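Note sheet for the following structure.
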Amino acid sequence: MKPYNVILASLMALGAASCSEEAPDSKISVALSQNEYKAGEPVKFKISGDADNIVFYSGEVGHEYGLRDRRYADNDLMIDFVSYTDQSTGIHPNFQVLVSSDFNGIYDAENVRAATWTDVTGEFALPSKTGANTPSGEVNLKRFVGEDNDALVYLAFRYYDLDGAAQKNRWVVRSMNIRKVSPEGQVTSLADIKTAGWQNVAVSGDMKWTLPGTQLLAAGNVSTNDKDAWVVSKGFNLRAAEPSTGIVLKNIATDLSEYSYVYEKPGTYEAVFAATSEWYNSSSSSITSVKVTITD
């Protein structure tokens, strides 16, 4: 046989051998070194098997295997703020908190008037005396969000003059927190007073809120009674959900026989190890779960 024929035959034999190889079995075994662990103590997982890739889900909120592909959830919308007012003649009730799920995002008087706004002022604690910073308490406005997964909800503060009021007290919103809370209790910040996207809308008259960035301020003019000034937030998508995430423990280039993880809170968790082996000609996957008990 000629030399080049020998080389060609050898290469073909090697190719045939490599094509016959399949991805290793991804099934792994995971065992704990003890039945219970204390919060803050490393949990040691003993791992055996030939899987190429392993991803770990601790079972804590935000790291649950079953929620890894979730994109929407029935979240709560939690709002709280700190307000302040001052006026020597007392407090005039010319401040409102409003919410809308059908505002179209066009920030002018015509479109603000056209939207449906619900007055939720009474659900928040406001100053009962002048010169006092007053926490509103936390209120859930979830019920005002539309049914569509992409529905937006808008918040507004309104300052308006009262006919016949001799003085116009100043209203200030010192700080604000807007959060969504998943059914599992995962809290995600949507905005604060500086990042809520406030825009002024003069529904009547030409008065505007002062938007210095760290607070919202409105103060009326004694001489007129035609001010209806709104400051409206950006739209918030309440139903959007962050999928749970895992930790990559191993890839094809590494070995792994043990993994330690610390749970900070007591409870019972379902730890999941998602293993895969993916080659060009075959693939394999498996899920191994372990119950982890964490005590005080």
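Tally time: how many residues in segment 106-136 are open to solvent by less than 80 Å² (accessible area, probe 1.4 Å), under 18 Å from Lys208 (Cα atoms) and part of a loop (DSSP other than H, G, I, E, B)?
Number of matching residues: 2.
Give Thr293, Thr268 a once-over and let me know the one that is in a strand (DSSP E or B), open to solvent by 70 Å² or more (accessible area, probe 1.4 Å), farther than 14 Å from Asn53 by Cβ and at pLDDT 95 or above.
One residue alone meets the criteria, Thr268.
Out of Leu217, Leu238, Leu256, which single residue is touching a residue at least 24 places away in the same chain (Cβ under 8 Å), surrounded by 12 or more Cβ atoms within 10 Å (Cβ to Cβ), in contact with a Ser or Thr (Cβ under 6 Å, 6 or more places away or on another chain) and among the aliphatic types (A, V, I, L, M)?
Leu217
Of all residues in segment 124-141, count the ones that are at pLDDT below 95 and under 24 Å from the mean Cα position of the chain (by Cα).
Counting residues in segment 124-141 that are at pLDDT below 95 and under 24 Å from the mean Cα position of the chain (by Cα) gives 0.
How many residues does segment 174-199 hold that are closer than 15 Å to Lys142 by Cβ and touching a strand residue (DSSP E or B) at 6+ places or on another chain (Cβ under 8 Å)?
Qualifying residue count for the region: 8.
Can you find, within segment 56-97, the residue that is nearest to Tyr261 (Cα to Cα) among those that are open to solvent by 40 Å² or more (accessible area, probe 1.4 Å), in contact with a Gly (Cβ under 8 Å, 6 or more places away or on another chain) and not in a loop (DSSP other than H, G, I, E, B)?
Tyr65
Which of the residues that make up segment 9-34 are modelled with pLDDT under 90 and part of a loop (DSSP other than H, G, I, E, B)?
Glu21, Glu22, Ala23, Pro24, Asp25, Ser26, Ser33
Which residues, counting only those in segment 196-210, are among the aliphatic types (A, V, I, L, M) and either modelled with pLDDT under 90 or more than 24 Å from Val153 (Cβ to Cβ) (or both)?
Met207
Consider segment 277-289. How many of its residues are surrounded by fewer than 16 Cβ atoms within 10 Å (Cβ to Cβ), in a strand (DSSP E or B) and of a type in the set (Ser, Thr, Tyr)?
Residues meeting the conditions: 3.
Out of all the residues in segment 187-202, is one or more in contact with a helix residue (DSSP H, G or I) (Cβ under 8 Å, 6 or more places away or on another chain) and either among the hydroxyl-bearing types (Ser, Thr, Tyr) or over 20 Å from Ala73 (Cβ atoms) (or both)? First the steps, then the outcome.
The first filter runs over segment 187-202 and keeps only residues in contact with a helix residue (DSSP H, G or I) (Cβ under 8 Å, 6 or more places away or on another chain), leaving 201-202.
Among the residues that remain, those that are also either among the hydroxyl-bearing types (Ser, Thr, Tyr) or over 20 Å from Ala73 (Cβ atoms) (or both) are: 201-202.
Yes, segment 187-202 contains a residue that is in contact with a helix residue (DSSP H, G or I) (Cβ under 8 Å, 6 or more places away or on another chain) and either among the hydroxyl-bearing types (Ser, Thr, Tyr) or over 20 Å from Ala73 (Cβ atoms) (or both).
Has segment 170-181 got any residue that is of a type in the set (S, T, N, Q), farther than 20 Å from Met207 by Cβ and assigned to a loop (DSSP other than H, G, I, E, B)?
No, every residue in segment 170-181 fails to be of a type in the set (S, T, N, Q), farther than 20 Å from Met207 by Cβ and assigned to a loop (DSSP other than H, G, I, E, B).
Please state which one of Ser128, Ser136 is within 21 Å of Thr195 (Cα to Cα) and among the small types (Gly, Ala, Ser).
Ser136
Please work out which residue is modelled with the lowest pLDDT, limiting yourself to segment 142-152 and to residues that are open to solvent by less than 50 Å² (accessible area, probe 1.4 Å) and touching a strand residue (DSSP E or B) at 6+ places or on another chain (Cβ under 7 Å).
That would be Val145.
The values are calculated or read from the model by the stated rules, or taken from the named source; none is laboratory data. On a predicted model such as this, the values are computed, not experimentally measured, just so you know. Note that each Cβ is placed from the backbone with ideal geometry, even for glycine, and that neighbours are counted across all protein chains shown. These accessible areas exclude ligands, DNA and RNA; they are computed on the full protein's heavy atoms, side chains included. Shrake-Rupley method; radii C 1.70, N 1.55, O 1.52, S 1.80 Å.
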